[in-house]
Amino acid sequence: MEIFPSHQEFGFRVGASEGDVTMRTSGNEFRIWVTIITVAAPVISAIVVAVISQRTNVRLAELEGAAKTATIEIEQSKLREQQDTRRQQFMEHHLPQLLSTDESEQRLGKALLFVTYPNNAPDVLQVALPAVSDAVKILLEPVQQEAQAVKKATGDWAIVISGDKTFDLAKKWVAGAQRLGYTPVSIYYRDGFYRVTVGNYPTRQLAEQAAVAIRPQTRPDAYIVALGRWCPSPNTRKEGDGEITVCGSA
């Protein structure tokens with residue numbers, strides 16, 4: 001009688017034992033992975049959703065910014081067309097009055113020119129001179145001098161975006177405008193208010209075009225001013241940690 005089992009029997013039993021261990025180990029690992037996936041799935045899902053949402057929001061912001069820029073450019077283009085049309089109409093209807101030998105007609109044409117195009121008046125006259133007679137040129141000499149004086153008195157144009165009672169509030173408007181990339185940004189003290197202006201434009205027409213872009217970013221009631229007339233006799237003054245321009249009386 002064999003005391004020990006045969007080699008085949010021993011091997012069979014050992015093999016069965018190893019299989020049981022392997023199956024138990026595999027089952028445990030499977031359950032562990034199921035638990036990990038169950039716990040991690042919501043977290044991974046949330047991360048994926050957050051990334052997609054962030055990218056979507058960035059893209060939407062880019063599209064909104066592009067749409068606003070396009071809208072502003074369209075509005076500015078329309079305004080330029082309107083300005084060109086008005087200028088052409090002025091040249092057709094009122095320039096003949098300015099060039100008239102009739103004194104009352106010339107006064108009317110001159111007044112309209114100085115009110116409508118105070119900064120451009122000298123240039124308008126220079127364009128018109130070659131087409132007039134020597135007698136009219138002589139009549140226009142004093143008008144040319146007045147045109148230069150009007151241009152100087154008018155000065156550059158700016159856009160007023162705020163009016164506050166305190167310097168600190170005005171500084172906040174300055175900081176906001178500077179963050180938007182506008183320059184120059186200045187503080188004027190006028191009629192008891194600290195008024196913040198943006199830009200420095202040589203003509204009313206250019207200031208009007210710039211205001212189309214500035215109003216949506218600052219305030220819809222921002223308005224343009226001719227600095228020479230709006231802030232006569234200006235004086236610079238230190239205030240707090242900054243500097244302001246104090247306007248005199250007209």
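Read-outs throughout are calculated quantities, based only on the coordinates presented, and are distinct from any laboratory measurement. Everything numeric here is computed off the predicted structure, so don't read it as measured data.
Measuring from the lowest to the highest alpha carbon on each principal axis, how far does the stretch 94-153 reach, largest first, in angstroms?
Projected onto its principal axes, the Cα set of the stretch 94-153 covers 29, 20, 16 Å.
Using 0.36 nm per residue, how much length does the chain from A131 to A46 gain when fully extended, once their Cα-Cα distance is taken away?
Additional length available on full extension: 23.0 nm.
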